[in-house]
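Asker: My questions all concern the structure below.
The values are calculated or read from the model by the stated rules, or taken from the named source; none is laboratory data. This one's a predicted model, so the numbers in the text were calculated from it and none came from an experiment. Backbone-built Cβ (ideal geometry, glycine too); neighbour counts: all protein chains shown.
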Amino acid sequence: MSGYTGVAVVTGAGSGIGRATALALLDAGWAVALAGRREEPLRETAAAGTPGATLVAPTDVSDPASVDALFAAVRERFGRLDLLFNNAGVSAIASPPEELAYEQWRAVVDTNLTGAFLCAQGAYRLMMAQDPQGGRIINNGSVSAHAPRPHSIAYTATKHAITGLTKSLALDGRRHRIACGQIDIGNAATDMTKRMSTGILQADGSTAVEPTMDVADVARTVVHMASLPLEANIPFVTVMATAMPLIGRG
């Protein structure tokens with residue numbers, strides 16, 4: 001779209017990684033559709049960004065009709081779509097597998113996996129049909145796509161599944177100039193990771209304080225991935241707090 005670097009959709013844009021990334025994209029000259037369940041936080045994100053460059057789009061990513069409405073609004077407002085940051089996600093209450101309620105499992109799967117698929121599908125359809133054709137999808141995989149935390153079976157299962165979603169989208173998107181990559185994030189400092197500073201359960205049963213990193217480092221990484229020409233792609237990248245206990249024995 002004339003006057004913008006490109007047009008992006010960011011899901012989960014009302015807080016945390018989504019908000020930081022939306023604002024970083026706006027700073028880089030993008031127009032951004034802000035998607036999330038609650039309108040007020042989305043408007044707070046919009047107020048902190050570039051005037052006139054945002055579309056506030058309350059969206060339930062687990063609802064096909066709501067997702068369809070999101071991409072219809074993007075098409076009507078901006079005429080095209082160049083980037084989807086598939087970021088919306090939730091986690092269940094920490095629970096061993098034998099105690100996790102079915103309702104909690106479904107809530108996580110419906111948002112993290114089904115929601116990511118529905119948004120990717122909506123973006124894919126719009127990117128296929130537009131002229132010039134193509135665009136980029138970046139999925140938030142999390143380091144839980146590689147290794148679980150204790151009592152995180154629903155979240156970990158969905159994040160492992162995101163890796164398969166990323167690979168399939170990257171393969172099927174080739175013929176339509178649609179690139180797909182995944183960013184796996186570890187311990188970005190947001191409201192969701194506040195418990196890291198007071199201690200979190202480790203694999204050996206102990207509780208330990210874990211280091212975090214500035215969420216702006218995540219946002220900068222997404223902007224870099226988004227800035228590549230469609231002839232280049234970063235299929236997988238991990239950005240994490242350097243000293244967090246993920247690699248080796250901690």
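Asker: Are there any pairs with C-beta distances below 6 angstrom linking a residue in the range 63-81 that is closer than 18 Å to R38 by Cβ and without any contact (Cβ under 8 Å) to a residue 24 or more places away in the chain to a residue that is surrounded by 14 or more Cβ atoms within 10 Å (Cβ to Cβ) and not charged (D, E, K, R), with the two at least 6 apart or on different chains, and if so which?
Answerer: That search, which allows pairs on different chains as well, returns S66/T59.
Asker: Does the range 14-23 contain at least one residue that is in a helix (DSSP H, G or I), touching a Gly at 6+ places or on another chain (Cβ under 9 Å), more than 16 Å from M127 (Cβ to Cβ) and of a type in the set (G, A, S)?
Answerer: Yes; the residues of the range 14-23 include at least one that is in a helix (DSSP H, G or I), touching a Gly at 6+ places or on another chain (Cβ under 9 Å), more than 16 Å from M127 (Cβ to Cβ) and of a type in the set (G, A, S).
Asker: Separate question: Among all residue pairs at least 6 apart or on different chains, which show Cβ distances below 8 Å where the first residue, located in the range 198-212, is without any contact (Cβ under 8 Å) to a residue 40 or more places away in the chain and in a loop (DSSP other than H, G, I, E, B) and the second is β-branched (V, I, T) and surrounded by 14 or more Cβ atoms within 10 Å (Cβ to Cβ)?
Answerer: V209/I200; E210/I200; T212/T193
Asker: Which members of the range 7-21 meet the condition of being under 14 Å from R43 (Cα atoms), in contact with a Leu (Cβ under 9 Å, 6 or more places away or on another chain) and touching a residue at least 40 places away in the same chain (Cβ under 8 Å)?
Answerer: Of everything in the range 7-21, those that are under 14 Å from R43 (Cα atoms), in contact with a Leu (Cβ under 9 Å, 6 or more places away or on another chain) and touching a residue at least 40 places away in the same chain (Cβ under 8 Å) turn out to be V10, T11, A13, G18.
Asker: Can you name the residue in the range 83-98 that is over 14 Å from the mean Cα position of the chain (by Cα), outside any strand (DSSP E or B) and in contact (Cβ under 8 Å) with a residue 12 or more places away in the chain and, of all such residues, is nearest to A123 (Cα to Cα)? Write out each step before concluding.
Answerer: Keep residues of the range 83-98 that are over 14 Å from the mean Cα position of the chain (by Cα), which gives 92-98.
The next check asks that each one be outside any strand (DSSP E or B); those that pass are 92-94, 96-98.
Remaining after also requiring in contact (Cβ under 8 Å) with a residue 12 or more places away in the chain: 92, 94, 96-97.
Working: A92: 27, A94: 32, P96: 35, P97: 34 Å.
Looking at the filtered set, the residue picked out is A92.
Asker: Regarding R80, is this residue at pLDDT 95 or above, assigned to a helix (DSSP H, G or I) and out of contact with any Cys (no Cβ under 7 Å at 6 or more places or on another chain)?
Answerer: On the way: at pLDDT 95 or above: yes; assigned to a helix (DSSP H, G or I): no; out of contact with any Cys (no Cβ under 7 Å at 6 or more places or on another chain): yes.
Against the criterion (at pLDDT 95 or above, assigned to a helix (DSSP H, G or I) and out of contact with any Cys (no Cβ under 7 Å at 6 or more places or on another chain)), R80 does not qualify.
Asker: Moving on. Does any residue of the range 180-188 turn out to be buried (at least 17 other Cβ atoms within 10 Å of the Cβ), in a strand (DSSP E or B) and among the β-branched types (V, I, T)? Let's see the steps before the verdict.
Answerer: Let us first name the residues in the range 180-188 that are buried (at least 17 other Cβ atoms within 10 Å of the Cβ), namely 180-188.
If we keep only those that are in a strand (DSSP E or B) as well, we get 180-186, 188.
After this cut, where a residue has to be among the β-branched types (V, I, T) as well, the list is 183, 185.
Yes, the range 180-188 contains at least one residue that is buried (at least 17 other Cβ atoms within 10 Å of the Cβ), in a strand (DSSP E or B) and among the β-branched types (V, I, T).
Asker: From the list M192, M244, pick out the single residue that is in a loop (DSSP other than H, G, I, E, B), of a type outside the set (D, E), surrounded by fewer than 17 Cβ atoms within 10 Å (Cβ to Cβ) and out of contact with any Phe, Trp or Tyr (no Cβ under 6 Å at 6 or more places or on another chain). Let's see the steps before the verdict.
Answerer: On the way: M192 fails: in a loop (DSSP other than H, G, I, E, B).
Testing whether each residue is in a loop (DSSP other than H, G, I, E, B), of a type outside the set (D, E), surrounded by fewer than 17 Cβ atoms within 10 Å (Cβ to Cβ) and out of contact with any Phe, Trp or Tyr (no Cβ under 6 Å at 6 or more places or on another chain) leaves just M244.
Asker: The conditions are (1) over 18 Å from T238 (Cα atoms); (2) modelled with pLDDT of 95 or more; (3) small (G, A, S), and A203 fails exactly one of them. Which is it?
Answerer: (2)
Asker: Can you pull out the residues in the range 102-115 that are more than 10 Å from T158 (Cα to Cα) and aliphatic (A, V, I, L, M)?
Answerer: Once the filter is applied, which keeps residues that are more than 10 Å from T158 (Cα to Cα) and aliphatic (A, V, I, L, M), the range 102-115 yields only A107.
Asker: Checking P211 against (1) modelled with pLDDT of 95 or more; (2) surrounded by fewer than 16 Cβ atoms within 10 Å (Cβ to Cβ); (3) within 26 Å of P150 (Cβ to Cβ); (4) not acidic (D, E), which test does it fail?
Answerer: (1)
Asker: If I200 satisfies all but one of (1) under 21 Å from the mean Cα position of the chain (by Cα); (2) buried (at least 16 other Cβ atoms within 10 Å of the Cβ); (3) of a type in the set (A, V, I, L, M, F, W, C), what's the number of the condition it fails?
Answerer: Looking at each condition in turn, I200 falls short on (1).
Asker: Test each condition in (1) in a helix (DSSP H, G or I); (2) surrounded by fewer than 24 Cβ atoms within 10 Å (Cβ to Cβ) for T50 and report the one that comes out false.
Answerer: (1)
Asker: Just need a number here: residues in the range 83-139 that are at pLDDT below 95, of a type outside the set (A, V, I, L, M) and buried (at least 18 other Cβ atoms within 10 Å of the Cβ).
Answerer: 2
Asker: Could you please let me know if H176 is touching a His at 6+ places or on another chain (Cβ under 9 Å) and over 19 Å from A13 (Cα atoms)? Steps first, please.
Answerer: On the way: touching a His at 6+ places or on another chain (Cβ under 9 Å): no; over 19 Å from A13 (Cα atoms): yes.
When the stated conditions are applied, H176 does not pass them.
Asker: Does the range 41-48 include one or more residues that are at pLDDT 95 or above and among the polar types (S, T, N, Q)?
Answerer: Within the range 41-48 (the criterion being at pLDDT 95 or above and among the polar types (S, T, N, Q)), the answer is yes, since at least one residue qualifies.
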